[in-house]
Amino acid sequence: MYLLKTDAVVIHCADFGESDLIVTLYTYDLGKIRGIAKGAKRSKKRFVNNLQPFSYIRIIFSEGRGGLIRLDQADIIQPFFLISKDIFKVLYGSYFLELMKEMTGEKEANPQLFCLLVDFLSVLNDSPPREEYLRVFEMRVLDLLGYRPRLGECTICARRISQGEGAWFSYRHGGVVCKGCQTKVRGSVPVSGATLEAMEKALEMDLGEVGEIQFFPDVLSESREILPRFIQYQLGKGLKSLKVMEEIQGD
Amino acid sequence: MSKFAPTVEDLINELSKLPGIGKKTASRLAFHILRSSKEDAQALAGSILRAKERIGLCRVCFNIAEGEVCGICSNPQRDHSLLCVVEEPNDLMAIEAAGVFRGVYHVLHGAISPLDGVGPRQLKTEELLQKVKRGGITEVILATNPTMEGDATALYLAKIIRPLGLRVSRIAQGIPVGGDIEYVDGKTLSMSLEGRREM
């Protein structure tokens with residue numbers, strides 16, 4: 001059996017039978033993959049509890065049957081275990097993982113996306129949880145997967161939206177529409193110039209600065225209204241972790 | 001065409017619906033039942049039916065119970081001021097089997113799992129909060145699993161119970177008895193060091 005090696009982040013882990021686990025991983029070399037870890041629930045040496053969500057691991061595996069890889073070993077690179085010590089870190093981290101799970105196809109490698117996920121899990125692990133991380137992550141993921149919203153010009157008439165000028169965001173058109181075109185578009189929501197600037201900045205900023213980022217409350221509220229909804233519009237379905245996040249934040 | 005008579009095939013299909021039972025094990029069980037006496041087969045069928053008819057959830061702790069209130073909740077010898085919160089009835093049974101806990105329980109029937117869309121409202125958290133608010137409890141022990149889901153559940157419960165002024169604790173996490181430090185993961189070692197005790 002030919003053994004392969006790659007770095008991966010554990011996205012999801014579920015019991016399979018008495019002692020096996022079915023894991024979903026986002027890997028550097030293969031993108032999203034699903035695999036079976038035989039005997040992982042009892043393993044004290046090969047897996048040592050390294051298959052918990054958020055774990056950044058190095059895996060040794062072989063191609064299996066039915067599209068599932070067969071995991072042979074998993075060694076920890078970074079467990080990001082401080083995420084599990086704060087309920088908001090768990091919620092934000094779960095959202096990152098669900099975006100990777102739902103927005104990527106199996107075996108579609110995207111090393112930049114892998115590095116982005118690892119960087120954001122590091123920020124979440126090491127810094128206090130901030131909702132701003134979600135918005136920056138969303139913009140970066142949309143950009144890397146080719147869904148970057150058009151923010152600088154009207155998606156209908158191509159008129160340039162000047163700096164600081166507000167507009168309307170159309171989910172259907174994948175970006176902003178100007179005041180003149182807004183009447184032709186149903187379901188668009190108003191967006192301020194400050195929010196548009198923050199969304200643009202999220203794409204350009206150095207990731208080393210993400211831990212310090214802070215949006216004004218109205219920018220945070222507008223971007224919260226726009227970005228998760230835009231992603232769900234693109235996916236054509238709701239995101240489970242968002243629902244749980246809203247439920248817990250409401251308590 | 002099926003390998004066995006339709007009745008046997010049906011029995012195998014039903015048995016293979018049980019957790020951890022594949023087709024092969026189901027066939028083995030089916031042939032064991034066919035070889036056993038009619039009385040044994042009736043006793044097995046009767047036990048399954050009786051369990052389904054008589055067993056429900058205890059209205060106090062939501063453990064599996066025969067009758068309205070389970071044996072633990074109705075026992076005056078137990079310490080009713082000490083409440084241990086577990087994810088599943090199996091966890092309660094494991095703690096009971098250890099024979100070291102004399103308090104009472106609350107079974108959540110799951111754990112918060114954002115990736116599976118399981119939030120607090122799908123669990124028995126509201127019932128826990130009401131129970132705690134009614135008074136008589138001095139400490140809530142969170143005995144959820146040391147997994148991401150168990151951690152999230154414990155953090156959430158601590159967040160909603162602590163403002164009520166009760167002591168909230170979590171069961172210790174660390175190296176298992178008979179374990180080997182060499183093979184213990186970083187998270188577990190870190191927990192063990194954090195939760196160390198003076199000797």
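The values are calculated or read from the model by the stated rules, or taken from the named source; none is laboratory data. Worth saying up front: this structure is predicted, and the values here are computed from it rather than measured. Note that we place each Cβ from the backbone using ideal geometry, even for glycine, and neighbour counts take in every protein chain shown.
Return the residues of the range A:1-15 that are surrounded by fewer than 18 Cβ atoms within 10 Å (Cβ to Cβ) and within 10 Å of another protein chain (Cβ to nearest Cβ); say none if nothing qualifies.
Of everything in the range A:1-15, those that are surrounded by fewer than 18 Cβ atoms within 10 Å (Cβ to Cβ) and within 10 Å of another protein chain (Cβ to nearest Cβ) turn out to be A:ALA14, A:ASP15.
Within the set of pairs 6 or more residues apart or between chains, which connect a residue that is more than 7 Å from chain B (Cβ to nearest Cβ) inside the range A:86-105 to a residue that is among the charged types (D, E, K, R) with Cβ atoms less than 8 Å apart?
Final answer for the pair search is A:TYR92/A:GLU131; A:LEU99/A:GLU138; A:MET100/A:LYS32; A:LYS101/A:LYS32; A:GLU102/A:LYS237; A:THR104/A:LYS32; A:GLY105/A:LYS32.
Here are A:GLY35, A:GLY31: which of them is farther than 22 Å from B:GLY174 by Cα, crowded, with 21+ Cβ neighbours inside 10 Å and under 26 Å from the mean Cα position of the chain (by Cα)?
Working: A:GLY31 fails: crowded, with 21+ Cβ neighbours inside 10 Å.
Checking each option against the conditions leaves just A:GLY35.
I need the full set of residues from the range B:118-139 which are among the small types (Gly, Ala, Ser) and modelled with pLDDT under 95, in order please.
B:GLY135, B:GLY136
Considering each residue of the range B:106-125, count those that are away from chain A (no Cβ under 14 Å), within 12 Å of B:LEU157 (Cβ to Cβ) and crowded, with 22+ Cβ neighbours inside 10 Å, and give that number. Steps first, answer last, please.
Just the residues of the range B:106-125 that are away from chain A (no Cβ under 14 Å), to begin with: B:106-109, B:124.
When the remaining residues are screened for being within 12 Å of B:LEU157 (Cβ to Cβ), the result is B:106, B:108, B:124.
Subset that is crowded, with 22+ Cβ neighbours inside 10 Å: B:106, B:108.
Total satisfying the criteria: 2.
Can you confirm whether B:ASN90 is surrounded by fewer than 17 Cβ atoms within 10 Å (Cβ to Cβ), of a type in the set (S, T, N, Q) and either within 16 Å of the chain's Cα centre (by Cα) or not assigned by TED's automatic domain parsing to the domain that holds B:ALA111 (or both)? So that I can check it myself, show each step before the final result.
Details: surrounded by fewer than 17 Cβ atoms within 10 Å (Cβ to Cβ): yes; of a type in the set (S, T, N, Q): yes; either within 16 Å of the chain's Cα centre (by Cα) or not assigned by TED's automatic domain parsing to the domain that holds B:ALA111 (or both): yes.
Answer is yes for this residue.
Residues in the range A:197-204: is at least one part of a helix (DSSP H, G or I), under 21 Å from A:ASP119 (Cβ atoms), away from chain B (no Cβ under 14 Å) and in contact with a Ser or Thr (Cβ under 8 Å, 6 or more places away or on another chain)?
Yes; the residues of the range A:197-204 include at least one that is part of a helix (DSSP H, G or I), under 21 Å from A:ASP119 (Cβ atoms), away from chain B (no Cβ under 14 Å) and in contact with a Ser or Thr (Cβ under 8 Å, 6 or more places away or on another chain).
Quick check on this structure: which one of A:GLU225, A:GLU246, A:GLU197 is free of Cβ contacts under 8 Å to residues at least 40 places away in the same chain and farther than 30 Å from B:LEU155 by Cβ?
Details: A:GLU225 fails: farther than 30 Å from B:LEU155 by Cβ; A:GLU246 fails: farther than 30 Å from B:LEU155 by Cβ.
A:GLU197 is the lone residue from the list that is free of Cβ contacts under 8 Å to residues at least 40 places away in the same chain and farther than 30 Å from B:LEU155 by Cβ.
On the given criteria, is A:LYS89 under 23 Å from the mean Cα position of the chain (by Cα), basic (Lys, Arg), buried (at least 18 other Cβ atoms within 10 Å of the Cβ) and not in a helix (DSSP H, G or I)? Show your work before the answer.
Working: under 23 Å from the mean Cα position of the chain (by Cα): yes; basic (Lys, Arg): yes; buried (at least 18 other Cβ atoms within 10 Å of the Cβ): yes; not in a helix (DSSP H, G or I): no.
Taking the combined requirement at face value, the residue does not satisfy it.
Determine, yes or no, whether B:LEU128 is buried (at least 22 other Cβ atoms within 10 Å of the Cβ), under 17 Å from the mean Cα position of the chain (by Cα) and away from chain A (no Cβ under 14 Å).
On the way: buried (at least 22 other Cβ atoms within 10 Å of the Cβ): yes; under 17 Å from the mean Cα position of the chain (by Cα): yes; away from chain A (no Cβ under 14 Å): no.
Here the answer is no, as B:LEU128 does not meet what is asked.
Which of the strands (runs of 3 or more DSSP E) found entirely inside the range B:1-100 contain at least 2 residues meeting this: β-branched (Val, Ile, Thr) and in contact with a helix residue (DSSP H, G or I) (Cβ under 9 Å, 6 or more places away or on another chain)? Give the steps one after another, and end with the answer.
Working: elements: B:55-57, B:64-66, B:79-86.
Of the strands (runs of 3 or more DSSP E) lying wholly inside the range B:1-100, those with at least 2 residues that are β-branched (Val, Ile, Thr) and in contact with a helix residue (DSSP H, G or I) (Cβ under 9 Å, 6 or more places away or on another chain) span B:79-86.
What pairs can you find where one residue is in the range B:109-135 and in the same structural domain as B:PRO163 (by TED's automatic domain parsing), the other is of a type in the set (Lys, Arg), and their Cβ atoms are less than 7 Å apart, with a gap of 6+ or different chains?
If the second residue must be of a type in the set (Lys, Arg), the pairs left are B:HIS109/B:LYS124; B:PRO114/A:LYS240; B:LEU115/A:LYS240; B:ASP116/A:LYS240; B:GLY117/A:LYS240; B:GLY117/A:LYS243; B:GLY119/A:LYS243.
Only one residue in A:ARG58, A:ARG42, A:ARG34 is more than 7 Å from chain B (Cβ to nearest Cβ) and free of Cβ contacts under 8 Å to residues at least 40 places away in the same chain. Which one?
Details: A:ARG58 fails: free of Cβ contacts under 8 Å to residues at least 40 places away in the same chain; A:ARG34 fails: free of Cβ contacts under 8 Å to residues at least 40 places away in the same chain.
The conditions single out A:ARG42.
Restricting to the range A:205-251, name every residue that is over 19 Å from A:TRP168 (Cα atoms), in a helix (DSSP H, G or I), of a type in the set (D, E, K, R) and more than 14 Å from every other protein chain (Cβ to nearest Cβ).
A:GLU209, A:GLU212
Out of A:SER188, A:SER170, A:SER192, which single residue is over 23 Å from A:SER127 (Cα atoms), polar (S, T, N, Q), touching a residue at least 24 places away in the same chain (Cβ under 8 Å) and surrounded by 15 or more Cβ atoms within 10 Å (Cβ to Cβ)?
Working: A:SER188 fails: touching a residue at least 24 places away in the same chain (Cβ under 8 Å); A:SER170 fails: touching a residue at least 24 places away in the same chain (Cβ under 8 Å).
Checking each option against the conditions leaves just A:SER192.
Among residues belonging to the range B:131-152 that are in a loop (DSSP other than H, G, I, E, B) and buried (at least 18 other Cβ atoms within 10 Å of the Cβ), point out the one that is nearest to the other protein chains (Cβ to nearest Cβ).
B:PRO146
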